[in-house]
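Please treat every number below as a calculation from the coordinates, not as lab data. Treat the numbers as computed from the prediction; the structure is a model and nothing was measured. Cβ coordinates were reconstructed from backbone atoms using ideal geometry, including for glycine residues, and neighbour counts include every protein chain displayed.
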Amino acid sequence: MAAAKSVALVLDKPFIGVNHLEAHLYAALLDDPHVEFPMLVVLVSGGNTLFVEMRGHGDFSVIGQTIDDAAGEAFDKVARFLDLGHPGGPAIDRVALTGNANAIDFPRAMLHDGLDVSFSGLKTSVINFVRKNPTVLTADVAASFQYAVVDVLAAKARKAAQQIGAKTVALGGGVAANSLLRSTMTTVCAESGWRLVLPSMGMCTDNAAMIASAGWYRLVADGPSSMDMGAMPNLKLT
């Protein structure tokens, strides 16, 4: 923060404070900025799982979220248990390609309850199943687990988009790189007539470009931030 302020002063440039989560909302718009509102953003990462209604630039609200583990966190924990390495999302995505997604019927918690999600129970179910069935194919476990996560995310996204009358749906966050989530959301949006905006693979994880993008929209809307602004590590998306 101090370094950014120093650069702004030395170069006589505006200083803009950016909410990290807000920046993820704009990752997909870097490649495709011409979107129609209202827009639903499904922000799925290791630390967050949020369904965000965007009514315009800088005008958004969270309408659904995880009540426990984030989707990316569940991917990491299951991958660690299966000894697939870290980060867990890409590892499970890769191994799942050779597995049967219908081999194991893992639970879909809160599937029909509002717009919030829960993945802690799913993670526990995977661990318990493997311990009771030690000869099960890892690829089948990975594929079935991934299918359960994506099934819930897609169902909630469909419900949320219908609720807000969305014209556009976008994905954001590291889990937006998941191949099954991308293909499933492509199908969901095509069936419902919503335009889908996907971030390029490089824009899914944390990057400077998304921070700059969110900063530009904030500058246009609100002007520069105060030099008295400090870091807010627990800042929420509101």
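The C-alpha atoms of the chain define a longest principal axis, and helix 208-222 lies at about 50 degrees to it.
Specify the residue with the greatest mean-square fluctuation among S120, S226, S144, computed from a Gaussian network of the chain linking alpha-carbon atoms under 10 Å apart. Comparing S120, S226, S144 in the GNM, the peak value goes to S226. Which of P90, P199, P33 ends up with the largest GNM mean-square fluctuation for the chain, with Cα atoms connected below 10 Å? Judging by the Gaussian network model, the answer is P33. When shorter helices are ignored and each DSSP H run of at least 4 residues is given -39500 (n - 2.57), the per-residue value for the chain at 222 nm works out to -14500 deg cm²/dmol.
Quick check: Cα centre of the stretch 38-74 to Cα centre of the stretch 132-152, how many Å? So the separation of the two Cα centres works out to 25 Å. DSSP beta bridges confined to the stretch 2-222 are antiparallel in about 55 percent of cases. Sorting 125-132, 71-78, 162-169 by their mean Cβ neighbour count within 10 Å, with the most densely packed peptide first, gives 71-78, 162-169, 125-132. The dipole here belongs to the stretch 47-170: it is taken about the Cα centre, uses +1 on the Cβ of Lys and Arg and -1 on the Cβ of Asp and Glu, and is about 140 debye. Across the chain, the relative contact order, built from alpha-carbon pairs under 8 Å that are at least six residues apart, equals 30 percent. Given the alternatives [x] 20.1, 63; [y] 18.9, 64; [z] 19.8, 68, Rg and Dmax of the Cα atoms in Å as computed for this entry is given by [y]. Going from the residue with the fewest nearby Cβ atoms within 10 Å to the one with the most, C189, C204 rank C189, C204. Cut-off 10 angstrom, C-alpha nodes, Gaussian network model of the chain. Which of L111, L153, L196 fluctuates the most? Of the options given, L111 has the highest mean-square fluctuation. Think of the chain as a dipole: +1 on every Lys or Arg Cβ, -1 on every Asp or Glu Cβ, centred on the Cα centre; then among W216, L9, T138, T138 lies furthest on the positive end. Compute the separation of the alpha-carbon centres of the stretch 169-238 and the stretch 11-33 and state it in Å as a whole number. The stretch 169-238 and the stretch 11-33 have Cα centres spaced 9 Å from each other.
Residue exposure proxy: M227, M185, ordered by other Cβ atoms within 10 angstrom of their Cβ from fewest to most, comes out as M227, M185. Angle of helix 179-192 to the longest C-alpha principal axis of the chain, folded into 0 to 90 degrees and rounded to 10: 80°. For the chain, the longest principal axis of the alpha carbon atoms and the long axis of helix 71-81 meet at an angle near 50°.
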